[in-house]
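Here is the structure we will look at.
The values are calculated or read from the model by the stated rules, or taken from the named source; none is laboratory data. Please read all numbers here as calculations on a predicted model, not as lab measurements. Counting neighbours? That spans all protein chains shown, and the Cβs are built from the backbone with ideal geometry, glycine included. Accessible surface areas use protein heavy atoms only, side chains included; no ligands, DNA or RNA. Shrake-Rupley method; radii C 1.70, N 1.55, O 1.52, S 1.80 Å.
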Amino acid sequence: MTSASSSVLLAMSAPPYWHCGRSIRRQSLYILAALLPAVCFAVWNWGLPAVRVMALSVAVCVAVEALCQKLMGRELAVDDLTAVCSGLLLAFLLPADSPWWLVVLGAVTSITLGKMAFGGLGANPVNTVLVGWAVLFVSFPLHMDANAASLGTTFVDPLVRLKFFGAEQAAHIPLTDLLLGRQINGLGAGQIGALFVGGSLLCMRGILRWHSALGFFLGVAGIAAIFHASDPMLHASPLYHLCTGSVMLAGFFLITDPANAPSRPLPMFLYGLIGGGLVMAIRKYGVYTDGTPFAILLVNMLTPLLDMIRPKPFGVR
Amino acid sequence: MKELFQMLPDPRFHLVYGITQRFSEGPSPRQVRLNREGFKLLEGISKKMLVYPHQKLGVHPSPAKGDVFSPIFGKITEVNERSIFVEAVEPDEELRAAAQSVEKVDLLAMPERGGELVPILKGLGLNTGSLGQDCETLIINGLNPDPGVTWAEPMLLAHQRNLHNGLEMLRRLSPARRILLAVPKEIRLQHHDVEIVHVPSHYPASVNALVIKAVTGKERPDGVGIVGLHNVWSLGRVAVTGLPLTETVITIGSFTHSGNYIVKEGSMIGELLAFANIEFRDGDTLVRGGPLRGESIEKLSRSVTKGSTGVFVVEAGSVPVMEGHSPCINCGACVLVCPARLSPNLLSRYAEFALHERARKEYVEQCLECGLCGYVCIARRPVLQYIRLAKHKLAEADAVRRLEELKPVGQGEAASGAAQGGN
Ligand code: SF4
Ligand code: SF4
């Protein structure tokens, strides 16, 4: 054996030689799998228009990322599927009836301004998807208003109902409708039940950090509970807030993006908590009905600050 | 539920494997390659010479470093700066007689204590650096050092006589007032002659600094020393056989199976793998030491030394390939997993861009080199390698600085210039 095997070509590597087996690509696949139920529900509730938006957004994101990498003289890395995730998440935030140019514009800004401008995956200080979303939201408020955009539906927009008709009216919307995505919202953001299932499975597998997700939901529910307790006629229940707008989507898939979240458990939890609080502040006092994406963009900026909360390194006195 | 949130779900990280089989004898090597770096060859030792087992070939100038002996009957085929090669030969009468005449030393019957033992043990091939270190409390690290290495349990449970003698000699040698044996909390061990402490056993619990913390409750306390069980075993082995140490215990393993062997020092890795029936193919990685902290070997003719803990084959495709230049994507996994509470993501980036002083401010020197940051890195960055590089560069810079302080003004620049040229 030795004589034959002395010609074996051994691969040199650096320690450790074992690995947990996770890769960026596999991580993306997990996330996509967790989004799949929401995709199905989106198609069920919104039909072909939703398919169109999702497909377009994903395709543009991947193409733009590939183009950027070419132009920047980098190795092509679209096979890590992170652009697919971004594309899908962006589509989830858009109304199902979005015109094609809106989708394209959002996808292009997300990838260029939200990712590649900072140097690629993981280097962006704010959430990739939300950069695109914010540009669209500020420039084309009318097209981004799901309530105005979705004319041919019998669904209602629970947050508009809450803001303009009060909590009592809002309470008439059955919870099952909210959970099953029968509400006007971003085409995927409204698939509350499906997102919850996918998201919690990911947290349990350790793919997503549960600390920030939990903090976020506690933040939203906690403040909502305080308001609700102070005047149940005026303020909707915590559950209502959790099941509307993009809270469910953001809590599992946007605020948990590790590139712009703190990395230690306590700061992550606080980060989520503050994010959740901001959502409620915007919903209550702001002009926007939802406010979740803005809350997350804001709390992204706090990350460097929160990262300063850290334990002393081993043996340092 | 806790397991679900675990980032290290690999069962092999639990350092208790339930393996208590006694060690098998390794192969009789056809060739050995002994480390001679720093050793001075004895008078008359040269190429083409015939040697016998336990014949002393060289001595090391350091008093704490054991001398080098031939492990086999053989002929010296080559001597260079780094190695001595010995090829096995069938001994003739004369050589056999010479081997018979090697005097056995009954260590346990000797009256010497403490520092007086050091030269004797050195003459028996033992490194006494960590065994004889000056400290109040000496902890024996009785855990398997790396995941996949499995010799610690049999050493504790199946080779009692060896352990017993090793402990006895250690007590005589060590200046410590208290000697403790740290063993995994799952192992019930009765030993009347040493104080036993039960410690956690999930890697990285076996890293020395963490064992000390588990035992004393303090991080880097003063006056506490630690020595590996492997060293105590060697000490016991010499006390039992009375002969110079020419063998070591290693785990030889692949993904599917592994075993523990007592192998001759200098055995070549190719021969060991063949003996243990471990196959490998093009593209596999060969590791000397543990799978987390060991070193990658480029050819089968490299050998194991006294300190080696294992030889492992990591099959191509069993882990994602490390490309070496992948950027950090800030996933934060390494920060969560680091037992030293560092930020390996920052450290590796500083090292990547040669900002070593900034790495120092981020406490790179506190790194325990456990390798977990690289284990969880989804971008497959060589994080530990970067950290070692930074540490190395900082140590180098410090050495240059000390030199400059010693030298008269004007020569300092030349020194630092030379150091930079050497990078
Ligand atoms: S090797 Fe990595 S994980 Fe281990 S102590 Fe050092 S920085 Fe932390
Ligand atoms: S695990 Fe790797 S990619 Fe993730 S933060 Fe650490 S170094 Fe960066």
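Listed by chain and number, the aspartates and glutamates whose alpha-carbon sits under 14 Å from that of B:K391, ignoring those within fewer than 8 places in the same chain, are B:E352, B:E357, B:E362, B:E365, B:E369. Largest GNM mean-square fluctuation across B:R177, B:R302, B:R293, computed for chain B with C-alpha springs under 10 Å, falls on B:R177. With the simple model of a label 7 Å out from the Cα in the direction of the Cβ, B:A354 to B:V102 spans 5.0 nm. Over 22 Å between C-alpha atoms is what I'm after, so list which of B:K65/B:K218; B:K47/B:K122; B:K40/B:K75 land there. Correct reply: B:K65/B:K218; B:K47/B:K122.
Give me the percent of the accessible area of chain A that comes from carbon and sulfur atoms, probe 1.4 Å, all protein chains in place.
With neighbouring chains kept in place, the figure for chain A is 72 percent.
Taking only the Cα atoms of the range B:333-406, the radius of gyration and Dmax are 12.8, 46 Å.
Positive end of the dipole of the range B:59-199, charges at C-beta (+1 Lys, Arg; -1 Asp, Glu), about the Cα centre: which of B:G132, B:P184, B:L95 has its Cα farthest in that direction? So the residue we want is B:P184. Here A:M204 and A:T176 are evaluated by their C-beta separation; at R0 = 30 Å the FRET efficiency comes out at 0.75. Counting Cβ atoms of other protein chains within 10 Å of each Cβ in B:331-344 and taking the mean gives 5. Each Cα pair under 8 Å and six or more residues apart adds its sequence gap; the mean of these over the residue count of chain A is a relative contact order of 17 percent.
Taking a spot 7 Å from the Cα of A:L67 along the direction of its beta carbon, which residues of the range A:89-104 have an amide N less than 17 Å from it? Once the point is set 7 Å along Cα→Cβ of A:L67, A:100-104 turn out to lie under 17 Å by backbone N, inside the range A:89-104. Would you please state which residues of the range B:50-79 a label at B:E93 would reach in this model, taking the label point 7 Å out along Cα→Cβ and a backbone N cut-off of under 20 Å? Answer for this model: B:50-53, B:73-74. Split the accessible area of chain B by element, probe 1.4 Å, and carbon with sulfur accounts for 52%.
For the range B:114-240, the C-alpha radius of gyration sits at 0.99 times the compact-globule guess of 2.2 N^0.38 Å, with N the residue count. Computed about its Cα centre, the charge dipole of chain A is approximately 800 debye, with only Lys, Arg, Asp and Glu carrying charge at their Cβ. For chain A, modelled as a GNM whose springs connect Cα atoms under 10 angstrom apart, the maximal fluctuation among A:G87, A:G222, A:G106 occurs at A:G222. Cα centroids of the range B:32-79 and the range B:293-371: how far apart, whole angstrom? Cα centroid to Cα centroid, the span is 34 Å.
Solvent-free Debye calculation, one equal scatterer per alpha-carbon of chain B: log10 I(q)/I(0) at 0.10 Å⁻¹ equals -0.80.
Computed over neighbours whose Cβ is under 14 Å from that of A:V84, the net charge equals 0, Lys and Arg +1, Asp and Glu -1. Comparing B:H356, B:H192, B:H202 in a Gaussian network model of chain B, where Cα atoms under 10 Å apart are tied by springs, the biggest mean-square fluctuation is seen for B:H192. Among the aspartates and glutamates, select those whose C-alpha is under 16 Å from the C-alpha of B:K299, and discard any that sit fewer than 8 residues away in the same chain. Excluding near neighbours in sequence, the set is B:E271, B:E279, B:D282, B:D284, B:E315.
Find the Rg to Rh ratio for the range B:29-106, where Rh is the Kirkwood radius over alpha-carbon pairs and Rg uses the same atoms. With Rg and the Kirkwood Rh in hand, the quotient comes to 0.96. Mind grabbing the accessible area of A:Y240 for me, 1.4 Å probe, Å², rounded to tens? A:Y240 has an accessible surface of roughly 20 Å² with all protein chains in place.
In whole Å, what is the distance between the alpha-carbon centres of the range A:40-106 and the range A:209-233? Taking the Cα centre of the range A:209-233 as reference, the centre of the range A:40-106 is 31 Å away.
With R₀ set to 41 Å, the beta-carbon distance separating B:Q160 from B:V59 gives a calculated FRET efficiency near 0.80. The modelled label-to-label distance for the pair B:S24/B:N277, using points 7 Å beyond Cα in the direction of Cβ, is 0.7 nm. Count Lys and Arg as plus one, Asp and Glu as minus one, and take only other residues whose Cβ is under 14 Å from that of B:G66; the net charge is then +3.
Taking 20 °C and 1.002 mPa s as conditions, the range B:138-198 diffuses translationally at an estimated 177 µm²/s according to Stokes-Einstein applied to its Kirkwood radius (Cα pairs). Of the peptides A:64-73, B:273-282, B:303-312, B:96-105, the order by per-residue mean of other Cβ atoms within 10 Å, starting with the highest, comes out as B:303-312, B:273-282, A:64-73, B:96-105. For the range A:18-143, the alpha-carbon radius of gyration amounts to 1.06 times the rule-of-thumb value 2.2 N^0.38 Å expected for a compact globular protein.
By the Cβ-Cβ criterion of under 4.7 Å, the unpaired cysteines of chain B are B:C135, B:C328, B:C331, B:C338, B:C367, B:C370, B:C377.
For the range A:119-135, backbone phi angles converted through the Karplus equation (6.51, -1.76, 1.60; θ = phi - 60°) give residue-by-residue couplings of x, x, 3, x, 9, 7, x, 10, 4, 3, 5, 6, 4, x, 4, 5, 4 Hz, Gly and Pro being listed as x. Remark: the range B:114-240 carries 35 Å² of accessible area per residue (probe radius 1.4 Å; ligands, DNA and RNA excluded).
The convex hull of the Cα atoms of the protein assembly as shown, projected and averaged over all directions, covers 39.2 nm². For A:K115, a cut-off of 24 angstrom between C-alpha atoms picks up these lysines, skipping any fewer than 8 places away in its own chain: A:K70.
Take A:V138 and A:S230, extend 7 Å from each Cα along the Cα→Cβ direction, and tell me the distance between the two endpoints in nm. About 3.0 nm separates the two model spin labels. Note on the protein assembly as shown: helix-only mean residue ellipticity at 222 nm, from DSSP H runs of 4+ residues weighted -39500 (n - 2.57) and normalised by residue number, equals -13000 deg cm²/dmol.
Ordering A:L270, B:L292 by accessible area with a probe of 1.4 Å, largest first, what comes out?
A:L270, B:L292
Sort largest first and round to whole Å: the equivalent ellipsoid semi-axes of chain A, each the square root of five times a Cα gyration tensor eigenvalue. Value: 36, 24, 18 Å, ordered largest first.
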